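Let me begin by presenting the structure, written as structure tokens, before commenting on it.
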Amino acid sequence: MLILAWRNIWRNRRRTLITLIAISVSLMLVQAFHNLSFGVYAQMVDSGVRSGSGHIAVYRGDYVSSRDDRLFWDKEDLDHKISALPGVRATLPRVYLPGLAQSSRESRGILLTGIDPARENDINPLLKNIAAPEVIRTLDGRDALIGSRLLTELKLNIGNKFVVTSRGENGTLTNELFRIRGVVSSGIRAVDSSLVMVGRQRAAAMAAHPNAIHELAIILDHPDLEDQLTTEIAALIPPGAGLNVVSWEVAMENLSNAIKLDYASQKFIFLIIVLIVTIGVINTLLMSVMERIREFGVILAVGASPAKLRIMVMSEAFLIGLIAMLFGNILGTLVTWYLVDVGIDLRDFVPETMEFGGVVFDPVMRAGWDLVYMGKMSIYVLILAVIAALYPANKAARTAPATAMRHH
């Protein structure tokens, strides 16, 4: 039956080739576009978790939604216990305090961020361009890194001093003097105009709790370990501590929603693929059936059953789908390979960095390999081709032998 079906689909080579090209190119496009998005989002998430909440974060109460700076907590040795878990690359304790930065000329609202420089310097992408002489030296010193726009707005230079005012315990205001060690340029306007990074203990002391933190960001060796390690980390938290373990999707909701929205738009492309496959297969097989009405009449007259005619037409659809699937995968693999190795360079059209969902990513967009998705799309194309053949197959099976044999 497959040999006969193979011969039948090549009776009209031009029509079959046009159908195969349309389906193959469509499959290539959906695979390539998805893999490009998959790779770009992987880069964005990696950058976002290292500068933001981590793959997993620990907060007290509803801090993740309220950002109430009074919801601090003492990490004690929890970060060391988590660091000892297999699959954990780093733990980053951080303090966040809203405040006011003042120079002798200007003042601006800021977010004072207390960090452990020894842990952050090799991980946080915000610090990748900070030279060794400019890094924060100690946890409790007065060194500060300042956003590039904030530096300009305060009319300061590297080495200058400025004052930060923040709310301490019981609502009292506390002032600290800092000296600018270096400048952070993230490419995000809101960050560059408000960021001040200092040693974690110095920031916590301004809240009158030298060992307090607001966030414990946990960086993993691989994102796939997130579910497993979330459970293991939650088990390390003492009962009644009031701490919550959340994923980056919860902690960085803007980025998560932006990615989900873009993936949802890809479903529209998939619907177009469905239409192309369906229309292409139906057109090819229906035209083939109409041209072979007399032939079908002869086949039925010599004793073949309608079911065999259905199987023959369905076999033709299966072969068309299979060939298109194979060529589509070859084309999709080649295009993805190019996008992984070379990528799409947008540096001539956009600034040095691009922002999406509050995260900066490289304007050289590179794909990633989502082999599971590529396999699913291939199977969907094959199934759609067979389903699309149902109508032509039924039309062939309902052919009346006597009428068909008089058909010209």
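The residue among Pro93, Ser51, Gln31 whose Cα reaches farthest toward the positive pole of the charge dipole of region 31-101, with charges on the beta-carbon of Lys, Arg, Asp and Glu, is Gln31.
Stretching Leu326 away from Thr278 to a fully extended chain increases their span by 15.5 nm, per 0.36 nm per residue minus the current alpha-carbon distance.
The charge dipole of the chain, taken about its Cα centre with unit charges on the Cβ atoms of Lys, Arg (+1), Asp and Glu (-1) only, comes to about 2000 debye.
Calculate the FRET efficiency for Ala264 and Glu232 from the Cβ-Cβ distance with a Förster distance of 30 Å, rounded to the nearest 0.05. In this case the efficiency is close to 0.40. Legend: ranking of residues Tyr59, Tyr41, Tyr263 from fewest to most surrounding C-beta atoms inside 10 Å; resulting order Tyr263, Tyr41, Tyr59.
Taking 17 Å as the straight-line reach from the Cα of Lys267, the lysines in range (excluding those fewer than 8 positions away in the same chain) are Lys376.
With an 8 Å cut-off on Cα pairs and a minimum separation of 6 or more residues, tell me the relative contact order of region 23-135 in percent. Result for region 23-135 is 19 percent.
Working note: Karplus 6.51/-1.76/1.60 with θ = phi - 60° gives region 235-248 the couplings 5, 7, 7, x, x, x, 6, x, 9, 10, 9, 10, 7, 5 Hz, where Gly and Pro are set to x. Sequence-distant contacts, meaning Cα pairs under 8 Å at least 6 residues apart, place the relative contact order of region 54-248 at 35 percent.
Give, as ranges by residue number, the residues of region 313-340 whose backbone N falls under 14 Å from the point 7 Å along Cα→Cβ of Gln43. The answer is 338-340, whose backbone nitrogens lie closer than 14 Å to the label point. Of the peptides 23-32, 329-338, the ranking by mean beta-carbon count within 10 Å, highest at the top, reads 23-32, 329-338.
Annotation: the residues Glu134, Glu316, sorted from fewest to most other C-beta atoms within 10 Å of their own C-beta, follow the order Glu134, Glu316. Using Cβ point charges alone (K and R +1, D and E -1), the dipole size of region 1-158 about the Cα centre works out to roughly 1380 debye. Using C-alpha pairs below 8 Å separated by at least 6 residues, the relative contact order for the chain is 27 percent. Placing +1 on each Lys and Arg Cβ and -1 on each Asp and Glu Cβ, with no other charges, gives region 54-248 a dipole about its Cα centre of roughly 960 debye. With a Förster radius of 45 Å, plug the Cβ-Cβ distance of Ala190 and Tyr391 into 1/(1 + (r/R0)^6) and report the FRET value to the nearest 0.05. E(calc), rounded to 0.05, equals 0.20.
Between the labelled values [x] 157; [y] 179; [z] 168, the entry that holds volume of the Cα convex hull per residue in Å³ as derived from this structure is [y]. In this simple spin-label approximation, Arg14 and Asp77 carry label points 7 Å from Cα along the Cα→Cβ vector, and these lie 8.1 nm apart.
Computed from the coordinates by the stated procedures, all read-outs in this text should not be read as laboratory data. For clarity, every value in this text was computed on a predicted model and none was experimentally measured. As a convention, Cβ positions derive from the backbone with ideal geometry for all residues, glycine included, and neighbour counts pool all protein chains shown.
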